[in-house]
Amino acid sequence: MVDPRPEFELAVRAMAGTRIDPEGLPWETREDPPPATGIRTRWRLIFSRPRTPGTSAMCMGLAEFPPGAVLPLHHHAPAEIYHVLAGEGRTEVEGEPHRLRPGVSLFIPANARHRTTNTGAGPLRFLFVFPTDSFEEIAYHFDE
């Protein structure tokens, strides 16, 4: 018998998993302070509380950088993982360059200064993952 309490239902749903189709999610951007002003990147938040009830401890999104776009040197408290789906690019982590191409995953340590550039002719698309309940918890600190 299923417990009729709403909190029990939410726990059962979370234990069964949460499925999201990112194609139905809106693209987002934000106005960052200088020097990040004018960045032409966009993203879809796939898992991020409270948008996706029943998810916690991790958030994930899909980023897209048009050709030539650069996310300037920055850092944030949580570690981050990229998994490249399409395009070509480069991420510098503490000055060390890493080539990005489809199928490549990159771990970026907590507080590591990093910069990502689309070096290809088409969009650079990658999944990003943080060990936080929501994307809104992440404070970006721009270093250049």
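Figures for the structure shown
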quantity: Check on residue 67, farther than 28 Å from residue 24 by Cα and either touching a strand residue (DSSP E or B) at 6+ places or on another chain (Cβ under 8 Å) or crowded, with 16+ Cβ neighbours inside 10 Å (or both); calculated: no
quantity: Criterion: more than 27 Å from residue 122 (Cβ to Cβ) and at pLDDT below 95 - qualifying residue of 51, 40, 30; calculated: 51
quantity: Some residue of the stretch 131-143 being touching a residue at least 60 places away in the same chain (Cβ under 8 Å) and assigned to a strand (DSSP E or B); calculated: yes
quantity: The one condition in (1) loosely packed, with under 14 Cβ neighbours inside 10 Å; (2) of a type in the set (A, V, I, L, M, F, W, C); (3) touching a helix residue (DSSP H, G or I) at 6+ places or on another chain (Cβ under 7 Å) that residue 77 fails to fulfil; calculated: (3)
quantity: Every residue from the stretch 125-137 that is under 18 Å from residue 27 (Cβ atoms) and either surrounded by fewer than 17 Cβ atoms within 10 Å (Cβ to Cβ) or out of contact with any Cys (no Cβ under 7 Å at 6 or more places or on another chain) (or both); calculated: 125, 126, 127, 128, 136
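The values are calculated or read from the model by the stated rules, or taken from the named source; none is laboratory data. Small disclaimer: the values here were computed from a predicted structure and weren't measured. FYI the Cβ positions are ideal-geometry reconstructions off the backbone, even for glycines, and counts take in every protein chain you see.
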